[in-house]
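Note sheet for the following structure.
The values are calculated or read from the model by the stated rules, or taken from the named source; none is laboratory data. Quantities reported herein were computed from a predicted structural model and do not represent experimental measurements. Neighbour counts are summed over all protein chains in view; Cβ atoms, including those assigned to glycine, are modelled from backbone coordinates with ideal geometry.
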Amino acid sequence: MLNLYMHPRRFCTRCFTQKYILTSIYRPSAKEIPRSKIRLMSVLNKLASSLNRRDELPNQELAKQIAAKKDKNAVQELVGNLSSKNKDIQNDCIKVLYETGAINPSLISSYYKEFLALLEHKNNRLQWGAMTALSTITPENPKAIFSSISKIVDASDKGSVITKDHAVNILVSLCSLKQYADDAFALLNEQLLQSPVNQLPMYAEKAMGIVNDKNRKRFIQTLSSRLDEIDKESKRKRVEKVIKKAGGK
């Protein structure tokens, strides 16, 4: 079947600007293409790298579309391409997946094992992207996340700042659930004790919501023990504010 295709990569020889030029190419009709192939083409072709875009907007828009349509098939295709030989495709897929999870975590929650496996990946973008995805899944599937909390904390200790940030998000989420609160707080407290000074105010502020009568004293002691490490006045004041609020003052 002969189709006319708008080719976006030709340039006008008169004005040297990019033009869409009609070219005739053979493209099989919809009846000739398996439905699974049509799905694959439609999802991957919308990724930023496929559109030759260096910004993340196409990936964010695609995530919104997938979440709105509750498109499980698209999610499956994206997860499958996390192992693509093309690093740009890998990076785009994880971006779309965790952005989708932020909107509708139920769409990606069943793939928590795949995300956990990526915590050891040599591609750092996949590593912290997987931790981001897991943080969106935690409220949806806390049992699965808690069962792998040792691996998550280990990846956090070895990982980048972004990896640590989302591991803390996971721990805070688990602290809000009674059945995991004690164990999760013990791990969160360790993160507060050893976190980079620059991240400490943010972690303290995030944890403020899970402070209760049972953990209040320990929380305040931990933060107070680190005040002397904070040289920057603005960051120190943020931590002091959390301490004051946690103490009910």
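Which pairs turn up if I take residues in the range 68-82 that are surrounded by 13 or more Cβ atoms within 10 Å (Cβ to Cβ) and look for partners that are among the aromatic types (Phe, Trp, Tyr) with beta carbon separation below 6 Å, at least 6 apart in sequence or on another chain?
Within 6 Å, the pairs are Val79/Tyr111.
For the range 197-210, name all the residues that are farther than 17 Å from Leu171 by Cα and either in a helix (DSSP H, G or I) or under 22 Å from the mean Cα position of the chain (by Cα) (or both). Walk me through it before giving the result.
Here is the first cut: in the range 197-210, the residues farther than 17 Å from Leu171 by Cα are 197-198.
If the condition is that a residue be farther than 17 Å from Leu171 by Cα and either in a helix (DSSP H, G or I) or under 22 Å from the mean Cα position of the chain (by Cα) (or both), then Asn198 is the only one that fits.
Is there any pair with a first residue in the range 211-230 that is assigned to a helix (DSSP H, G or I) and a second that is polar (S, T, N, Q) whose Cβ atoms are under 7 Å apart and which are 6 or more apart or on different chains, and what are they?
Final answer for the pair search is Arg218/Asn189; Thr222/Asn189.
Criterion first (part of a helix (DSSP H, G or I), surrounded by fewer than 14 Cβ atoms within 10 Å (Cβ to Cβ), among the basic types (Lys, Arg) and at pLDDT 95 or above) does Lys237 satisfy it?
Yes.
Check Leu188, Leu174, Leu193 and return the single one that is touching a residue at least 12 places away in the same chain (Cβ under 8 Å), part of a helix (DSSP H, G or I), within 29 Å of Asn124 (Cβ to Cβ) and more than 22 Å from the chain's Cα centre (by Cα).
Leu193
Residues are listed down the side, and each one gets a yes or a no for (1) of a type outside the set (Lys, Arg); (2) under 20 Å from Leu171 (Cα atoms):
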{"position": "Gly80", "(1), (2)": "yes, no"}
{"position": "Asp92", "(1), (2)": "yes, no"}
{"position": "Leu119", "(1), (2)": "yes, yes"}
{"position": "Arg125", "(1), (2)": "no, no"}
{"position": "Met131", "(1), (2)": "yes, yes"}
{"position": "Thr136", "(1), (2)": "yes, yes"}
{"position": "Pro142", "(1), (2)": "yes, yes"}
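Might you check whether a residue that is at pLDDT 95 or above and in contact with a Cys (Cβ under 7 Å, 6 or more places away or on another chain) occurs anywhere in the range 136-143?
Looking for residues that are at pLDDT 95 or above and in contact with a Cys (Cβ under 7 Å, 6 or more places away or on another chain), one finds none in the range 136-143, hence no.
Give me a count of the residues in the range 118-153 that are assigned to a helix (DSSP H, G or I) and touching a residue at least 12 places away in the same chain (Cβ under 8 Å).
23
Here is a list: Lys178, Lys237. Which entry is over 23 Å from Phe146 (Cβ atoms) and of a type outside the set (A, V, I, L, M)?
Lys237
Quick one: Asp165 ticks every box in (1) farther than 24 Å from Pro201 by Cβ; (2) out of contact with any helix residue (DSSP H, G or I) (no Cβ under 6 Å at 6 or more places or on another chain); (3) of a type outside the set (Lys, Arg); (4) touching a residue at least 24 places away in the same chain (Cβ under 8 Å) bar one, so which box is it?
Of (1) farther than 24 Å from Pro201 by Cβ; (2) out of contact with any helix residue (DSSP H, G or I) (no Cβ under 6 Å at 6 or more places or on another chain); (3) of a type outside the set (Lys, Arg); (4) touching a residue at least 24 places away in the same chain (Cβ under 8 Å), only one is false for Asp165: (1).
Regarding the range 2-10, can at least one residue be identified that is polar (S, T, N, Q) and either surrounded by 13 or more Cβ atoms within 10 Å (Cβ to Cβ) or at pLDDT 70 or above (or both)?
Of the range 2-10, the ones polar (S, T, N, Q) are 3.
If we keep only those that are either surrounded by 13 or more Cβ atoms within 10 Å (Cβ to Cβ) or at pLDDT 70 or above (or both) as well, we get none.
No - not one qualifying residue is present in the range 2-10.
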